[in-house]
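The values are calculated or read from the model by the stated rules, or taken from the named source; none is laboratory data. A quick note: this is a predicted structure, and the numbers were derived from the prediction, not measured. Note that each Cβ is placed from the backbone with ideal geometry, even for glycine, and that neighbours are counted across all protein chains shown. Keep in mind that these areas ignore ligands, DNA and RNA; they rest on the heavy atoms of the full protein, side chains included. Shrake-Rupley method; radii C 1.70, N 1.55, O 1.52, S 1.80 Å.
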Amino acid sequence: QVQLVVPVAVVFSPGSVPGDLPSPLPFRDVQEMEISVNLRTSVTSRYEMAYRGTTAQEEAALAAATAREADAALRPLQDVSMGSLTMYVVPETSSLLPQGTSVYVGRHRSALVRAGGSLAALHARLRQVTQVMSFTATSIAAALSDRVPDGRLSPDARRSLKSSLGYEITFSLLNPDPKSHAVDWDIEGAVNRYVKPVLDKLSLVANFSVDSQILYYAVLGVTPRYDKESSSFLLSAHSLPHVINPVEARLGSSAASLYPVLNFLLYVPERSHSPLYIQDKDGAPVSTNAFHSPRWGGIMVYNVEAPASPQASLPLHVDVDMARVMEVFLAQLRLLFGLSREELPPEFLLESPGNEGLADWELDHLLWAHTVENIATVSTTLTSLAQLLDKIGNIVIKDDVASEVYRAVASVQSAVAKLAMGHLHSAFQASKEAVTSSERAFFDPSLLHLLYFPDDQKFAIYIPLFLPMAVPILLSLAKIVRETRQRKKEPTKMD
């Protein structure tokens, strides 16, 4: 049984304290909620709320002109440990939040919440904000998707990648018509400028490696439909799944990879199929001209403008606008990691994460889900290993395998204990160590099923070998026994 504890500091600015507080500030309160996964598994979420008033420094920071400035000024004054949240309650008349906005979620681990009059209204608002910034029942169910009964999870919940110790990201430029298009893309500069800040922040979650390639004469494998009205070619939504398989055979990136591979493909359509647009299920053109495949990656179609004169020399030189391309690929990367921002009420305002690609609380959101998933993975791996050992009675377990099992159990127990204490970072690190140890034990070469034979197989193999030799030996033994008995029966001759 896993208990997720979130420390939440609720800070009241002057004029925002509800009249029906149960006790004078400061005081503590605990709110619990049970997330049911299946009949045997449930996760308890526990929000430890600490209510207090503002300090002089916090009041000065809250006097800023805009919510963004206040968020930046409050950053050095709050608890920055992972998994902890700080809610600043401002008066209903405060001009800090824009008109019609009741909650502002910043880039870090804090939010500005407009006082809701009564304590009950404020509690409901705070509960909603804390779940958005930490974890929801949906995100925990998605992390434990292997244990959730079929039909209870939405398709979007199975979109994000499974937790792993590492990921490989491959950017591929597909140029099916190099005779017509000489495509130039500054992928190294784009990765350093746009992707590296995101991966630096995600480095806490896993190790990342990035590579790129250009593939010539690589076609999508689906013939687009020509539309006379728009004089363009169209790829409909139902044909998109058939696009990936022919292309994936050319990528070759996942063949020798130990970790999940994320593929991001930039496709420059051939001249005979230009311009090429992607349609959604309703037949409307997709604004980004891109689509993504869950747990695989994404593809963007990059159209090249036709030359002004038909006599233009070929191939046309094409400089790819990497800012536009990377904006799409980073949005797809967020989707693949389950960081898509859920549908929120209109009175919620979420600050853009900027160059880093994700806010601090979004990183925590990822860590909560991955920690729970790692614990479930270790539990499944060790259970499978125990069942294997029970099935094969004569299996030999080496000392190093046994120590890995003990280490995995100790690490997963440590992770559960740290979660119950509200220490997210150390809980995640312990869960990663548990996964590493359990995988090492499970995949140890000495535990291969084929190395050990059941007794009936041994008899079936050895009896045909030993029986021909055993028959004359047994007959000889019988003859010796018979002769010995006869010798004993014969009377002894006396001289």
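Out of 147, 114, which single residue is of a type outside the set (A, V, I, L, M) and farther than 16 Å from residue 373 by Cα?
114
Could you tell me which numbered condition residue 403 fails, if it satisfies all but one of (1) open to solvent by 30 Å² or more (accessible area, probe 1.4 Å); (2) touching a residue at least 60 places away in the same chain (Cβ under 8 Å); (3) farther than 30 Å from residue 196 by Cβ?
Only one criterion is unmet by residue 403, namely (2).
With the condition kept exactly as written, say whether any residue in the stretch 101-120 is at negative phi, out of contact with any strand residue (DSSP E or B) (no Cβ under 9 Å at 6 or more places or on another chain), assigned to a helix (DSSP H, G or I) and of a type outside the set (Val, Ile, Thr).
yes
How do the pairs read when you match residues in the stretch 85-105 that are in the same structural domain as residue 68 (by the TED database) with residues anywhere that are among the aromatic types (Phe, Trp, Tyr) and modelled with pLDDT of 85 or more, using Cβ under 6 Å and keeping only pairs 6 or more apart or on different chains?
89/12; 97/104
Among residues belonging to the stretch 57-84 that are assigned to a loop (DSSP other than H, G, I, E, B) and under 20 Å from residue 362 (Cα atoms), point out the one that is modelled with the highest pLDDT.
For the stretch 57-84, the residue satisfying everything is 84.
With respect to residue 229, determine if the residue is over 29 Å from the mean Cα position of the chain (by Cα) and either within 27 Å of residue 317 (Cβ to Cβ) or in a loop (DSSP other than H, G, I, E, B) (or both).
The answer is yes for residue 229.
Mind checking which residues of the stretch 45-71 are over 19 Å from residue 92 (Cβ atoms) and open to solvent by 30 Å² or more (accessible area, probe 1.4 Å)?
Across the stretch 45-71, the qualifying residues are 46, 48, 52, 55, 56, 57, 60, 68, 69.
Residues of the stretch 456-471 being surrounded by 10 or more Cβ atoms within 10 Å (Cβ to Cβ) and either charged (D, E, K, R) or assigned by the TED database to the domain that holds residue 394 (or both), which ones?
Scanning the stretch 456-471 gives a single hit, 458.
Kindly indicate whether residue 268 is in contact with a strand residue (DSSP E or B) (Cβ under 7 Å, 6 or more places away or on another chain), farther than 16 Å from residue 328 by Cα and in contact (Cβ under 8 Å) with a residue 40 or more places away in the chain.
Spelling it out, it is not the case that residue 268 is in contact with a strand residue (DSSP E or B) (Cβ under 7 Å, 6 or more places away or on another chain), farther than 16 Å from residue 328 by Cα and in contact (Cβ under 8 Å) with a residue 40 or more places away in the chain.
With the checklist (1) exposed (fewer than 15 other Cβ atoms within 10 Å of the Cβ); (2) in a helix (DSSP H, G or I); (3) of a type outside the set (Asp, Glu) in hand, flag the one item residue 223 doesn't pass.
(2)
Going residue by residue through the stretch 185-200, is there one that turns out to be modelled with pLDDT under 85 and not in a helix (DSSP H, G or I)?
Scanning the stretch 185-200 turns up no residue that is modelled with pLDDT under 85 and not in a helix (DSSP H, G or I).
For (1) under 30 Å from residue 406 (Cβ atoms); (2) part of a helix (DSSP H, G or I); (3) open to solvent by 10 Å² or more (accessible area, probe 1.4 Å), each residue gets a yes or a no:
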| position | (1), (2), (3) |
| --- | --- |
| 327 | no, yes, yes |
| 331 | no, yes, yes |
| 340 | no, no, yes |
| 352 | no, no, yes |
| 367 | yes, yes, no |
| 375 | yes, yes, yes |
| 378 | yes, yes, no |
| 382 | yes, yes, yes |
| 387 | yes, yes, yes |
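Let me spell it out: the conditions are (1) open to solvent by less than 20 Å² (accessible area, probe 1.4 Å); (2) under 23 Å from residue 330 (Cβ atoms); (3) modelled with pLDDT under 85, and residue 218 meets all of them except one. Which number is the exception?
Going through the list (1) open to solvent by less than 20 Å² (accessible area, probe 1.4 Å); (2) under 23 Å from residue 330 (Cβ atoms); (3) modelled with pLDDT under 85, residue 218 breaks only (2).
Does residue 75 qualify as being of a type outside the set (S, T, N, Q) and surrounded by 14 or more Cβ atoms within 10 Å (Cβ to Cβ)?
Considered against the rule, which asks whether it is of a type outside the set (S, T, N, Q) and surrounded by 14 or more Cβ atoms within 10 Å (Cβ to Cβ), residue 75 comes out as yes.
Looking at the stretch 325-338, can you tell me whether even one residue there is touching a Lys or Arg at 6+ places or on another chain (Cβ under 9 Å), under 16 Å from residue 160 (Cβ atoms) and without any contact (Cβ under 8 Å) to a residue 40 or more places away in the chain?
yes
When the residues of the stretch 262-297 are filtered to those that are surrounded by fewer than 19 Cβ atoms within 10 Å (Cβ to Cβ) and of a type in the set (A, V, I, L, M), which remaining residue is modelled with the lowest pLDDT?
Restricting to residues being surrounded by fewer than 19 Cβ atoms within 10 Å (Cβ to Cβ) and of a type in the set (A, V, I, L, M), the top hit is 284.
Kindly indicate the residue of the stretch 115-135 that is open to solvent by less than 30 Å² (accessible area, probe 1.4 Å) and not small (Gly, Ala, Ser) and also farthest from residue 82 (Cα to Cα) among those meeting that condition.
Among residues in the stretch 115-135 that are open to solvent by less than 30 Å² (accessible area, probe 1.4 Å) and not small (Gly, Ala, Ser), the one farthest from residue 82 (Cα to Cα) is 119.
Look at residue 212 and say whether it is within 28 Å of residue 179 (Cα to Cα), surrounded by 14 or more Cβ atoms within 10 Å (Cβ to Cβ), hydroxyl-bearing (Ser, Thr, Tyr) and without any contact (Cβ under 8 Å) to a residue 40 or more places away in the chain.
Considered against the rule, which asks whether it is within 28 Å of residue 179 (Cα to Cα), surrounded by 14 or more Cβ atoms within 10 Å (Cβ to Cβ), hydroxyl-bearing (Ser, Thr, Tyr) and without any contact (Cβ under 8 Å) to a residue 40 or more places away in the chain, residue 212 comes out as no.
Those residues that are of a type in the set (Val, Ile, Thr) and open to solvent by less than 30 Å² (accessible area, probe 1.4 Å), I need them from the stretch 32-43; list them, please.
Residues satisfying the conditions are 35, 37, 43.
Determine whether the stretch 34-45 contains at least one residue that is within 18 Å of residue 123 (Cα to Cα) and without any contact (Cβ under 8 Å) to a residue 12 or more places away in the chain.
yes
Hey, among 198, 247, which residue is under 27 Å from residue 315 (Cβ atoms), buried (at least 19 other Cβ atoms within 10 Å of the Cβ), assigned by the TED database to the domain that holds residue 328 and β-branched (Val, Ile, Thr)?
From the options 198, 247, the qualifying one is 247.
Please go through (1) outside any loop (DSSP other than H, G, I, E, B); (2) aliphatic (A, V, I, L, M); (3) open to solvent by less than 50 Å² (accessible area, probe 1.4 Å) for residue 96 and return the number of the only condition it doesn't satisfy.
All conditions pass for residue 96, except number (1).
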